[in-house]
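What follows is a short report on a single structure.
Each value in this text was obtained by applying a stated rule to the coordinates, not by laboratory testing. Quick caveat: nothing in here was measured; it's all calculated off a predicted structure. Cβ atoms come from the backbone with ideal geometry, glycine included; neighbour counts cover every protein chain shown.
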Number of protein chains: 2
Amino acid sequence: MPKLISTRTRIADLGKPRIIVIGGGFGGLEVAKGLNGLKAQTVLFDRYNHHCFQPLLYQVATSGLESNSIVFPFRKRFGSQPDFFFRLGEVTQIKPEENYIETSIGGVKYDYLVIANGASTNYYGLKDVEDNAVAMKTIIDAIKLRNIIIRNFETALLTDDPELMNSLMDFVIVGGGPTGVELAGALAELKTHVFPKDYPELELSHMDIHLVEATPRLLNGMSDKSSQKSLEYLQRMGVKVHLNCAVKSYDGYEVLFNTGEKLITRTMIWAAGVKGTPIGGIPAESLGRAGRIQVDEFNRVKGYTNIFAIGDAAIMSGDPNYPNGHPMMAPPAIQQGRLVAKNIKRLIQKKEMKPFRYTDKGSMATIGRNQAVVDLKGLRFQGFFAWLVWMFVHLISIIGFRNKIFVMFSWFWSYFSYDKSNRLIIARPKDGVQ
Amino acid sequence: MPKLISTRTRIADLGKPRIIVIGGGFGGLEVAKGLNGLKAQTVLFDRYNHHCFQPLLYQVATSGLESNSIVFPFRKRFGSQPDFFFRLGEVTQIKPEENYIETSIGGVKYDYLVIANGASTNYYGLKDVEDNAVAMKTIIDAIKLRNIIIRNFETALLTDDPELMNSLMDFVIVGGGPTGVELAGALAELKTHVFPKDYPELELSHMDIHLVEATPRLLNGMSDKSSQKSLEYLQRMGVKVHLNCAVKSYDGYEVLFNTGEKLITRTMIWAAGVKGTPIGGIPAESLGRAGRIQVDEFNRVKGYTNIFAIGDAAIMSGDPNYPNGHPMMAPPAIQQGRLVAKNIKRLIQKKEMKPFRYTDKGSMATIGRNQAVVDLKGLRFQGFFAWLVWMFVHLISIIGFRNKIFVMFSWFWSYFSYDKSNRLIIARPKDGVQ
């Protein structure tokens, strides 16, 4: 039987406080980094053995980047950090009254607990969508989508039935946030620059990319100007944008909208929303909007003094600029992670904690080559320069020098060759892989 | 229902001869390339949508290279070749009397057929080994092995039972050919340079790498000097080499050898042999040693005038230097593929075919950084220079400029950092991926 605490391995009780971090996303990673140098034991749990740079998942799905260059092994990052321990496993239950968590690989006590398990896809109760659509939250999702896109085109070659063929060549992306917008743009590039060379047997004008957004505009978190410009870019690239339109049902073939409209597609990509990932032991009354855990200004979970929640997992009340919680994106998670690490240090040193204040550095999205929109504090721009800024910011944010080089080289290569080189199905149905 | 021949797609009957190539490995690729410019239709079938550079699979398995940099999409290679068609599918049955093949995606007639479906792993009837060992023939095998190696180490952290721990940290590689030798060397490098940093909680001296070979020496296809030197290199790196030793049984935990010895391991890598991949419709009497299809000096399958078999799939009689057939490696496949393409052209032009003569350019294997063995015609050398030659030859052989750059950069990076960066488990058991 697996033992998390063993006399042999150094995760044994060391007489130091043990801080357990659940999840190595943007927030959890900052906590673990920030605890370096503290006389304490840090234990990071994750379902994967690597951090994933989620903002670029859509480029993996559309063959622009290989999966390995946007992920980074935790052990490589923290190999030399004293008293740091990584454990590959899923936390299944928190027992706050015992300061104890149960995981898929055994149970362990904590002195401080940081819940940074991120968000999962929100299907808003649409069970048929959940069963039939592809999400865009994990590296597995991205590889699955890449396989599906390419396999669909290979299958489209085999039919004379125009409806069946169209169902394979059409894509419906639901959700006009950054993921949906960026994915739509990348698919439009495949249509224009890559697939005509790969599939001369197919009439590429039959490939329709639909982007569906329930509100009146794209990129709701950004300025009107950026919304408008991204819509223009996408339409110029041939993407069919449906605003004020929501999905009612999807059976894997027919999409029904609340407007009464219908579309036929084998591939719906669901980027319409995220919600907190439920974790056993957190009472329902501690949860807020979208299933996120309610926290105070120190990111402490309501009712507990030694349990924190950060990033997408948490919703902080009391920030007048964000009555519905901070945006479920990397920057709040990173800033909260850094502060929680410092606050835990302060707690251990019997000092007072500092409250969280979110610094909004702006946001950006890329729509395609030379086309991006950027909103910075008081500064808004679009087009080629925005696209350069977008690339620069993402490059410096990716963990690992080697990954930066690989991503940069891939981008250069794609830019000058108009190619996306990773259009591979690295799986066969009989291997049990999508 | 899928239709291979359709009025809409251009694979329709064009009034030109149709040449079908089964398999896009080293041999099949050369056939398809060689048919360029011929007034004929070339149709390539493969189970994958990409060519795989098999000689470097072991580096994917040991986290040295990412999977994408050793594979290359067929459509990218042949996108602009006129009258070339790729079809993703498996050929299930040949009906020579009708000049017809059945595939997983429908049936199609041929004028000329080239069987280049390569080899599959030969377990020599050991069913329990087949069920419990990992092979090293496909990109999926390599990714599976990478996942297993890392997952084993993550699990080894959780136990106090020394036998269980050793079973997770020990590896038994069966087969002392290039794949086995190169894999053993790469695992030894993980042990020395990478895992001590990743797993400070584990005593790495417990990690045993066993290389098992049934004959008295490693690298049987190479010179005595190279065999001897590779044995020296491996032993210096701590690999336990067992010569004159064959596996009798393996239940996933205990390996029993014909010497009566036993070993405990969760991970057996089976690189002990390959055999032809059976294909329906080729009569048993046409098969030779190791299930390879008997061909004449023009690579024509015995008894047929328009069916060819090349590479690992074929065994050619009549070459006095190779009474057991040409080696099951890339060079004979490449040379036969080139010649078969030319001979099909000659047949169509009613000219006489040219017989195959194998040019042995030598062979080589790498054991680790600065260590390789090279046998060229009349020239044998080992060590650092051999290692440079090995790298150079492999780099120029990989398809695609972009792949060359990625592989070269990965090698440089690993050389100077002593790191292997792709130690990722990009799969979770519940995703249905190993």
Chain A, helix-only ellipticity at 222 nm - DSSP H runs n ≥ 4, -39,500 (n - 2.57), divided by all residues, nearest 500 | -9000 deg cm²/dmol
Separation between Cα centres of region A:376-431 and region B:149-203, rounded to whole Å | 34 Å
Which entries in the list B:342/B:404; A:16/A:39; B:39/B:342; B:191/B:229 go over 18 Å, if you measure between the two C-alpha atoms of each?
-> B:342/B:404; B:191/B:229
With Cα atoms, 0 to 90° folded angle of helix A:178-189 axis to chain A main axis = 40 degrees
From other protein chains only, count the Cβ atoms within 10 Å of every residue's Cβ in B:196-205, then give the mean.
-> 4
Fewest-first sequence of A:63, B:363, B:104 by Cβ atoms within 10 Å of each Cβ = B:104, B:363, A:63
Taking R0 as 25 Å, what's the FRET efficiency between residue A:80 and residue B:415 from their Cβ-Cβ distance, rounded to 0.05?
-> 0.75
In nm², the average projected area of the convex hull spanned by the Cα atoms of region B:1-157 is 12.2 nm²
Computed over chain B, the relative contact order (Cα-Cα under 8 Å, seq sep at least six) in percent reads 19 percent
Using a Förster distance of 45 Å, how high is the FRET efficiency between residue A:161 and residue A:370, based on the Cβ-Cβ distance and rounded to 0.05?
-> 0.75
Answer rounded, prolate or oblate for region A:333-414, using the Cα gyration tensor with square roots of eigenvalues a ≥ b ≥ c: rounded when a/c is under 1.5, else prolate when a/b is larger than b/c, else oblate.
-> oblate
Given a Förster distance of 30 angstrom, what is the FRET efficiency for residue A:215 paired with residue A:297, based on the Cβ-Cβ distance and rounded to 0.05?
-> 0.50
Sorting B:352, A:261 on the 10 Å Cβ count, fewest up front, what's the list?
-> B:352, A:261
Using all Cα-Cα distances in region B:12-66, what percent lands in each 5 angstrom bin from 0 up to the longest?
-> 4, 17, 21, 17, 14, 10, 6, 5, 4, 1
Taking the alpha carbon gyration tensor of chain B, what are the square roots of 5 times its eigenvalues, largest first, to the nearest whole Å?
-> 39, 23, 22
In square nanometres, what is the average projected area of the Cα convex hull of region B:270-368?
-> 7.8 nm²
Average beta-carbon neighbours from other chains, 10 Å sphere, peptide A:80-91 | 2
If one compares the long axis through the Cα atoms of helix B:224-236 with the longest principal axis of the Cα atoms of chain B, the angle in degrees, nearest 10, works out at 40 degrees
Among the aspartates and glutamates, select those whose C-alpha is under 18 Å from the C-alpha of residue B:109, and discard any that sit fewer than 8 residues away in the same chain.
-> B:13, B:46, B:83, B:90, B:97, B:98
Charges only on Cβ, +1 for Lys and Arg, -1 for Asp and Glu: so what's the dipole of chain B about the Cα centre, in debye to the nearest 20?
-> 2260 debye
Principal axes of the protein assembly as shown: Cα extent on each, largest first, Å | 88, 65, 42
Stick to the Cα atoms of region B:309-365, pair each with every other, and give me the Kirkwood hydrodynamic radius in Å at one decimal.
-> 12.2 Å
For A:381-389, A:417-425, ranked highest to lowest by mean beta-carbon neighbours within 10 Å, the order is A:417-425, A:381-389
At each listed q (0.19, 0.20, 0.21 Å⁻¹), what is the log10 of I(q)/I(0) that the Debye formula gives for region B:193-292 modelled as equal alpha-carbon point scatterers?
-> -1.08, -1.13, -1.16
Length added when fully stretched, residue B:322-residue B:254, from 0.36 nm per residue minus Cα-Cα | 20.7 nm
Burial order of peptide ranges A:263-271, A:298-306 (average beta-carbon count within 10 Å, highest first) | A:263-271, A:298-306
11 Å beta-carbon shell around residue B:194, net charge (K/R +1, D/E -1) = +3
In this structure, among A:144/A:420; A:240/A:275; A:95/A:275, pairs with alpha-carbon gaps over 20 Å are A:240/A:275; A:95/A:275
Name the most mobile residue of A:311, A:23, A:37, meaning the one with the largest mean-square fluctuation, in a Gaussian network model of chain A with Cα contacts below 10 Å.
-> A:37
Longest principal axis of chain B (C-alpha) makes with the long axis of helix B:384-397 (C-alpha) an angle, in degrees to the nearest 10, of 40 degrees
When you look at the Cβ of every residue in A:149-159, what mean number of other chain Cβ atoms sits within 10 Å?
-> 5
Label residue B:357 and residue A:104 with points 7 Å out from Cα along Cα→Cβ: what is the distance between them in nm?
-> 6.0 nm
